[in-house]
Amino acid sequence: MIPSSELLPTKILPQCKYGLACYRTNPDHFELYSHPPDYKRREKSCEIGNVGIPVINSGSSSQMKSAFSPASERKLKLVKKLDEQKKSELHFVKLIENKIQSLIGQFELKAEEVAKLRQDLDKMVMYNQKLETALKVEIDQREQRELERKRILTISRQTPSYWGPNVFEEPYREIEISAQSAEYDIIEQLMNSTISKHGHQYGTVNGRDPTEFLINRIIQIQNNELWHLYCFKKDMIIRQNNNRLADCGSSIYLETDPVLTPLLDTKTNEYWLFHGCSRNNLYHLLHSGYDPRVSNLNGLFGGGFYLAENSSKSNKYIPCPGCGQNCVGGSMGCSCADQEDLEFSMVLYRAALGDVHIALKYDRKKYSHDPTKQLIRRPPKKANGKDLYDSVMGECMKYGGDRLQHREFILYDSGQAYPEYVIYFRRSATNLRRPINIKNLKKKCQEFLS
């Protein structure tokens, strides 16, 4: 290589202060500065790390000293500084990588939180939908209850005219009927005109079936709550039968083979019927009403409330107040002294029979046990397989039945009968009363009730 100083003889260039140790590669540098004759120009390098240590001529001690000149030291410092900078940059890159990893972790955590929030939102939406549905149902039910309440308030609670004025001034009252009144006379005749023979087994006096019931007193019951419930049940029976109960087969049947006691209301097939019980149960029947849920499931027609058209049949279920026996469910006969002086009580109910199932042929599986052999506490289904009858009448052999000597009537809903009278009486087998014409008695009852 020809030094640039020889190409420009007219111009003297200043010497490069680095001399042989010059590491410059820029061509402009050599146009501005001169270098020693032994200086070998270096090729331009693309990497700082490839900068070589200048070759030092071992022939001269001055040249060796120049190799370790301040310029060389600065170069070494620069290389060291560049190494440190590279380390610093690597450390910075590592920090950035760690930060990125941290951000990625945070993002993944936030993604899980977002997913959870979305799930919670979906649950809230579903809950809100369910709440809206439940609220709509509740509003509809409230409206129905309000309509039902208004309808109940419109139900006639008219009491029998012979109850007199000022009825229900008190929630519960017992009124003794005058023995000289027509009301007393009718009930006394109903008691004695429906006496029948029962084989001298239960409800006897001195081992014989009673031939007469001697009335001590008759009490009329005025129970506001029970009467209200009874009126509601009657209204329900009317609506369920579309106010056409008189056209039902059971109503037509009972016109042909009528009940011994008077028909009080054709819209509901309401009759006076008897019920015998112990003194212990009497209080609850009069104040709280009967409850079929606690009735004896071993009854012939399942668990229900049993009534009779014959006072003598109900008499069989009244235990002796002295020994507690001499009744169905207990032992036969009574050993108490002065049996004709013992006082018994029987309830005369108003019973809304509705559409009655007439049980001519007894079927234990049908009336007492369902197909799963569970004891029954409801009336049978009608022919459509959906609706239930309102009550059951077990038919007696006189009218084609195959099991019972006397009819019995069974109710399965509370409130379907109202305890209108309690009759306190004594049993007697001394006198055989002259038979009473039932048709004339019913006519007399209708005149009294109208």
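The values are calculated or read from the model by the stated rules, or taken from the named source; none is laboratory data. None of these values were measured; they are calculated from a predicted model. Positions of Cβ are generated from backbone atoms using ideal geometry, with glycine treated the same way; all protein chains shown enter the neighbour counts.
Being surrounded by 10 or more Cβ atoms within 10 Å (Cβ to Cβ), modelled with pLDDT of 75 or more, closer than 30 Å to Lys17 by Cβ and not basic (Lys, Arg) holds for only one residue in Glu73, Glu97, Glu132, and it is Glu73. In region 331-362, the residue that is farthest from Val205 (Cα to Cα) out of those that are touching a residue at least 24 places away in the same chain (Cβ under 8 Å) and small (Gly, Ala, Ser) is Gly354.
Among the conditions (1) crowded, with 18+ Cβ neighbours inside 10 Å; (2) closer than 24 Å to Asn440 by Cα, Ala182 misses just one, which is (1). Within region 135-165, can you find the residues that are modelled with pLDDT under 85 and among the polar types (S, T, N, Q)? Scanning region 135-165 gives Gln141, Gln144, Thr154, Ser156. Filtered by the rule that a residue be under 20 Å from Cys323 (Cβ atoms), among the acidic types (Asp, Glu) and out of contact with any helix residue (DSSP H, G or I) (no Cβ under 8 Å at 6 or more places or on another chain), region 185-232 gives no residues. Taking region 274-315 as the range and being within 17 Å of Glu420 (Cβ to Cβ) and touching a His at 6+ places or on another chain (Cβ under 9 Å) as the test, the residues that pass are Leu285, Tyr290, Phe305, Leu307, Ala308, Glu309, Ser314.
The set of residues in region 173-184 that are out of contact with any helix residue (DSSP H, G or I) (no Cβ under 7 Å at 6 or more places or on another chain) and closer than 15 Å to Tyr424 by Cα comprises Glu174, Ile175, Glu176, Ala179, Tyr184. The single condition among (1) at positive phi; (2) surrounded by 18 or more Cβ atoms within 10 Å (Cβ to Cβ); (3) modelled with pLDDT under 95 that Asn269 does not meet is (3). Summed over region 161-179, the residues that are under 29 Å from Glu408 (Cβ atoms) and surrounded by 14 or more Cβ atoms within 10 Å (Cβ to Cβ) give a count of 2.
Going through Phe274, Phe232 one at a time, which residue ends up being in the same structural domain as Tyr389 (by TED's automatic domain parsing), closer than 23 Å to Tyr172 by Cα, crowded, with 21+ Cβ neighbours inside 10 Å and hydrophobic (A, V, I, L, M, F, W, C)? Just one listed residue meets the conditions, Phe274. The residues listed here are Leu348, Leu285; of these, the one that is in the same structural domain as Asn241 (by TED's automatic domain parsing), surrounded by 15 or more Cβ atoms within 10 Å (Cβ to Cβ) and over 30 Å from Arg364 (Cβ atoms) is Leu348.
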